[in-house]
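Beneath this line is the structure, given in structure tokens, with notes to follow.
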Amino acid sequence: MAIDILSQQPTYVDPQLTDPSFPEADLPNDQFIFNTTDLFVCGSPVGLFLLMKNANLLPRRDKEKPGADSYAAPGVAGEQGTYGCLAVDNIYNIINPYDPVACRINPTVDIVYASMLKPTIIPSASTSLFSSLNPFRSSASTSYPSNERPSTIRLPSNVELETHNFTREEIAEKRAYLLNDNGQIDYYMKYGGGPLEIQYLTMLGAHSSYWLSRDFVRMIVVEVGRGLGKEGTVREMRAQKKLVVRGT
């Protein structure tokens, strides 16, 4: 529902709508009456719906935000009313790797660019000196499943290859940073991984685990309260590309 509403949401809402004296009968019933800036989805199948509609996640062409390149660059942004073209500055997709409902969204920006990124694990809220010695706590390097389930790997991309001034990778990267100051959308929780874990039992509780995670709650607070633009981002949340070794 959030994607449906924000695809139709005006990029900027008329300030008169928030005036207490504005007639209630004249308020629109198909949009928020305030400007929308951040969208957090957790355990969301929205990637599947984008796939079914053959749609890409797009920034708005007429929207600007601090520290971002122009949305008006050719082939980068879309228009209000296009499914997946959201009236937000930042969108975050939080995934519990064991959640059978959750889908990746990075590939809906551009599948090739998404394949170049390392998976980002939500930073731990624990500062205990002994947390690293706890054998029941999975580390960031082991908590990400190799199958990356479920994936929208077959989602076609409509990046305009014929654009003269930008390569496909440059266009995709511009899109990603306009959709999220960190340069990507998918973030993984640390969950399970203990030596006595029964994977199927872990999956049963995965979809309802998000708000029970201190790491998840802390991430929401930090990202809502941080400074605007790329300069305000947390280093651990920023997109990192995989190291690619090419032969000569």
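Any residue in the stretch 1-14 that's within 8 Å of Gln80 (Cβ to Cβ): show its pairings with residues that are at pLDDT below 90 and acidic (Asp, Glu) at Cβ separation under 8 Å, as long as the two are six or more apart or on different chains.
From residues that are within 8 Å of Gln80 (Cβ to Cβ), the pairs are Gln8/Asp30; Thr11/Asp62.
Please count how many residues of the stretch 9-32 are surrounded by 15 or more Cβ atoms within 10 Å (Cβ to Cβ) and more than 19 Å from the chain's Cα centre (by Cα).
Adding up the residues that qualify gives 4.
Quick check on the stretch 210-219. Is at least one of its residues at pLDDT below 90, in a helix (DSSP H, G or I) and touching an Asp or Glu at 6+ places or on another chain (Cβ under 9 Å)?
Yes: the stretch 210-219 contains one or more residues that are at pLDDT below 90, in a helix (DSSP H, G or I) and touching an Asp or Glu at 6+ places or on another chain (Cβ under 9 Å).
One residue is enough: does the stretch 86-100 have a residue meeting the conditions surrounded by fewer than 18 Cβ atoms within 10 Å (Cβ to Cβ) and within 14 Å of Leu6 (Cα to Cα)?
No, the stretch 86-100 contains no residue that is surrounded by fewer than 18 Cβ atoms within 10 Å (Cβ to Cβ) and within 14 Å of Leu6 (Cα to Cα).
Checking the structure you have, find out if any residue of the stretch 32-45 is hydrophobic (A, V, I, L, M, F, W, C), farther than 22 Å from Trp211 by Cβ and part of a strand (DSSP E or B).
No, that holds for no residue.
Pull out all pairs, ordered by first then second residue, where Cβ-Cβ is under 6 Å, the residues are six or more apart or on different chains, the first lies in the stretch 43-64 and is within 29 Å of Ala206 (Cβ to Cβ) and touching a residue at least 40 places away in the same chain (Cβ under 8 Å), and the second is among the aliphatic types (A, V, I, L, M) and surrounded by fewer than 17 Cβ atoms within 10 Å (Cβ to Cβ).
Gly43/Val101; Pro45/Val101
Given the structure, is Asn182 modelled with pLDDT of 85 or more and either in contact with an Asp or Glu (Cβ under 7 Å, 6 or more places away or on another chain) or outside any loop (DSSP other than H, G, I, E, B) (or both)?
When the stated conditions are applied, Asn182 does not pass them.
Given the criteria within 29 Å of Glu170 (Cα to Cα) and modelled with pLDDT under 90, does Lys65 qualify?
On the way: within 29 Å of Glu170 (Cα to Cα): yes; modelled with pLDDT under 90: yes.
When the stated conditions are applied, Lys65 passes them.
The values are calculated or read from the model by the stated rules, or taken from the named source; none is laboratory data. Small disclaimer: the values here were computed from a predicted structure and weren't measured. Note that we place each Cβ from the backbone using ideal geometry, even for glycine, and neighbour counts take in every protein chain shown.
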